[in-house]
Amino acid sequence: MLAIAWDVDDVLNDLMRSWFEAWRGDHPECAMRYEDLRQNPPEALLGISRAAYLQSLDRFRLERFDALAPAPEVLSWFELYGHQFRHLAITAAPLLAAPASAAWVMRHFGRWIRSFNVVPSPRDGEELPASKTSKGPASKGEMLAQFGRIDVLVDDDPDNLAGARAVGILGVLVPRPWNPAWANRGPASALSGALAQILSLTGSAPAFENGSIR
Ligand SMILES: [Mg+2]
């Protein structure tokens, strides 16, 4: 049975959109829309510092992550095809946000996703003990390589897919405004093309013809 690794933020959920809508509510002078966020992290576009962005995002994760809705298209995909694969979740998040993220993943996707993995995103003042003695996985690709066979990584960050490809894992790029797949997203749903691509890459459905297979 093939194994799929799922990024959490902006794949299983719509974290950036939800955070940005909350942030814009506190910054009515901001004229940007979600679709204008062509960089992630977006602090330069918003005219704030990296520290201010991370502080706001981390607070949002702690206070609001619990209430995030799962991406409906992804949930529908799991309902239809989830049983055909093994699944794990892999997120690059600060450790302080990992408990809420793990609980959220298991609550909404626990029927299919059976393990939750985190590559800690460093934060000021947070010490990672593993780095003192041995170097833990520094990227999703490195961590996935430790699992044995993982066939596909679904992620919104092209760099993560490049790292996975380096260890022989196929990549599916979920369209978001900050990545190149956004321009080629299908008319019906931003995620439907990427979800179809998973099936074509794994030979589970006729080839997906409307997007590039990475
Ligand atoms: Mg992501």
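The values are calculated or read from the model by the stated rules, or taken from the named source; none is laboratory data. Treat the numbers as computed from the prediction; the structure is a model and nothing was measured. All Cβ positions, even for glycine, are placed from backbone atoms using ideal geometry, and neighbour counts span all protein chains on display.
General observations
- Scan of region 99-115 for residues that are of a type in the set (A, V, I, L, M) and surrounded by fewer than 18 Cβ atoms within 10 Å (Cβ to Cβ), ordered by number: ALA100, ALA103, MET106
- Meets criteria (among the hydroxyl-bearing types (Ser, Thr, Tyr), part of a helix (DSSP H, G or I) and assigned by TED's automatic domain parsing to the domain that holds GLU126) for SER76: yes
- One residue from ASP151, ASP124 being among the charged types (D, E, K, R) and closer than 24 Å to LEU15 by Cα: ASP124
- For region 1-35, filtering for residues that are in contact with a strand residue (DSSP E or B) (Cβ under 9 Å, 6 or more places away or on another chain), assigned to a loop (DSSP other than H, G, I, E, B) and more than 15 Å from the ligand (Cβ to nearest atom) leaves 2.
- Number of positions in region 157-184 that are away from the ligand (no atom under 16 Å from the Cβ) and over 16 Å from ILE4 (Cβ atoms): 3
- Considering each residue of region 83-91 in turn, none proves to be under 23 Å from ARG17 (Cβ atoms) and aromatic (Phe, Trp, Tyr).
- Scope region 1-16; condition crowded, with 16+ Cβ neighbours inside 10 Å and not acidic (Asp, Glu); matching residues: LEU2, ALA3, ILE4, ALA5, TRP6, VAL8, VAL11, LEU12, ASN13, LEU15, MET16
- LEU75 vs. criteria modelled with pLDDT of 95 or more and within 14 Å of the ligand (Cβ to nearest atom): no
- Check on ARG38, among the basic types (Lys, Arg), assigned to a loop (DSSP other than H, G, I, E, B), under 18 Å from the mean Cα position of the chain (by Cα) and outside the structural domain of PHE147 (by TED's automatic domain parsing): yes
- Evaluation of VAL8 against (1) within 25 Å of PRO120 (Cα to Cα); (2) outside the structural domain of ASN179 (by TED's automatic domain parsing); (3) not aromatic (Phe, Trp, Tyr) (one fails), failing number: (2)
- Count of residues meeting criterion [touching a residue at least 40 places away in the same chain (Cβ under 8 Å) and within 17 Å of VAL11 (Cα to Cα)] in region 191-205: 6
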